[in-house]
Amino acid sequence: MLNDTITRAERELYLTLLTLAQQQPSAYEWLTRLPTWLNDIKDKANYAHAPAYQASVARLPVLTVDKVNLDSDKLTIETTLTSSQRKQTMALLKQLMPWRKGPFQIGRDLDNENTDDENQDNKNTSEPIFIDTEWHSDWKWQRVAPHLSKLKGRRILDVGGGSGYHGWRMAGAGADTVIVIDPSCLFYHQFMAIRHFVGNNDDYRTHYIPVPLEALPEHSQLFDTVFSMGVLYHRQSPFEHLQQLRGQLVKGGELVLETLVVEGDANTVLVPHDRYAQMNNVYFLPSVAALISWLEKVGFTDVRCVDVAVTSVDEQRQTEWMSYHSLADFLDSNDSTKTIEGYPAPMRATLIAKR
Ligand code: SAH
């Protein structure tokens, strides 16, 4: 039997926007575009794999979930898995590979052994499924979270939120509403797979719209906090991206910007000629000083850099759930401070600013 996870999530998203529109008329514009957004992601003319991803989500078994831990580094759905449920779930989740952002766990740690031997298949609890993603996204969250204005009660937009890992963490931190946006059809369905098991354990405070930032109505001013993490360097027009982020914030709202940076002064910007760490869609890598001045130029105030970290090969690596090359393959094998193209190795900064 197929589950109705995606339909239910869509309904909750409509209801959230409808409620919001009663206080903030700009949300009506979102409501008018929502049918198109949600249809486009299902259209195999746009995304050849969409029907297969949808089918994988729809076939996930319905499990009894005891508890969901959205505020733990290993985002955990506590449930009892029989070995056949485990096998089925594992196979379906693997159809949604590569899993890049996480980690997630479905099941229960087997510390107190259950030796009920009546019926092997139905009674025995299997070990949990651990989705060990390419990225330790929990490490990024640990770097960012301590510097944020309290998320409790806030309305949040996470731009380029990938699988939704950080979005769930925001809900776990008490956010009133979280909307993750990302144009990736695969990541949208990974979110829905996790949503399937989370069910209403977050009171449907966490939502996902499969669109890029540019598709949103420009001056919505709907959000108390807007995150853009790992997106700016993929944009050809960084100033447009910053302006679009600003347009989503309420006055006094907080922007959290995380992106690749280089060493240097306010006039230093690296534009890789070709690939950067094997990525062919990387455009602007400013210094922290340059980034601060960009943010001020588009009108942000109280701009501060709260963290700078070189990305380690323990944070981004190949796993069972992401079998392609990863960071270690993209660095110079004789000098890990350089990418294989000879650029400085990935270093990321987190900046916080006010609208
Ligand atoms: N925010 C997550 C994921 C970063 S990966 C993290 O920090 O770990 C970058 C993501 O940005 C990808 O999932 C990609 O699909 C998304 N993305 C790329 N262009 C975008 C755009 N114009 N608007 C929103 N998201 C975008």
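The values are calculated or read from the model by the stated rules, or taken from the named source; none is laboratory data. These numbers were taken from a predicted model, which means no experiment stands behind them. Counting neighbours? That spans all protein chains shown, and the Cβs are built from the backbone with ideal geometry, glycine included. With ligands, DNA and RNA removed, areas are computed over all heavy atoms of the protein, side chains included. Shrake-Rupley method; radii C 1.70, N 1.55, O 1.52, S 1.80 Å.
Some observations on this one:
- Full extension of the chain between Ser333 and Ser237 yields a length gain of 31.3 nm, computed as 0.36 nm times the residue separation minus the alpha carbon distance.
- Residues whose amide H falls under 5 Å from that of Gly253, counting only those 5 or more places apart or on a different chain, are Arg355, with hydrogens built in the peptide plane.
- Each distinct pair of alpha carbons in the chain adds a 1/r term; the inverse of their mean, the Kirkwood radius, is 21.3 Å.
- In this Cβ point-charge picture (+1 for Lys and Arg, -1 for Asp and Glu), the stretch 204-337 has a dipole of about 460 debye about its Cα centre.
- Rounded tilt (10° steps) of 185-198 against the dominant C-alpha axis of the chain: 50 degrees
- Ignoring lysines fewer than eight residues from Lys67 along the same chain, the ones with Cα atoms less than 29 angstrom from its Cα are Lys87, Lys94, Lys101, Lys123, Lys140, Lys150, Lys152.
- For the chain, calculated [θ]222 nm from helices alone, where every DSSP H run of n ≥ 4 adds -39500 (n - 2.57): -9500 deg cm²/dmol
- In this rough spin-label picture, where each label sits 7 Å from Cα along the Cβ direction, the Thr268-Met347 distance is 0.6 nm.
- 0 to 90° range, to nearest 10: angle between helix 5-23 axis and the chain longest Cα axis: 50 degrees
- Surface share of carbon and sulfur [accessible, 1.4 angstrom probe, percent] for the stretch 31-161: 46 percent
- Vicinal HN-Hα couplings computed from phi for the stretch 207-215 (Karplus, 6.51 cos²θ - 1.76 cosθ + 1.60; Hz; Gly/Pro x): 10, 9, 10, x, 9, x, 3, 4, 7
- The packing ranking, built from the mean of other Cβ atoms within 10 Å per residue, places the peptides 327-336, 205-214, 159-168 in the order 159-168, 205-214, 327-336, highest first.
- Computed label-point distance, nm, for sites Trp37 and Gln221 using a 7 Å Cα→Cβ extension: 2.0 nm
- Ranking Leu75, Leu63, Leu15 by solvent-accessible area of protein heavy atoms (1.4 Å probe, all protein chains present), from largest to smallest, gives Leu15, Leu63, Leu75.
- When you count the other C-beta atoms within 10 angstrom of each residue and take the mean per peptide, 279-291, 126-138 line up highest first as 126-138, 279-291.
- Per residue, the chain exposes 44 Å² of solvent-accessible protein surface, assessed with a 1.4 angstrom probe and all protein chains in place.
- Crossing angle, helix 83-94 versus the chain [Cα axis fit, 0-90 degrees, rounded to tens]: 30 degrees
- Split the accessible area of the stretch 205-295 by element, probe 1.4 Å, and carbon with sulfur accounts for 46%.
- Using only alpha-carbon positions in the stretch 209-306, the gyration tensor eigenvalues give semi-axes of 23, 17, 10 Å once each is multiplied by 5 and square-rooted (largest first).
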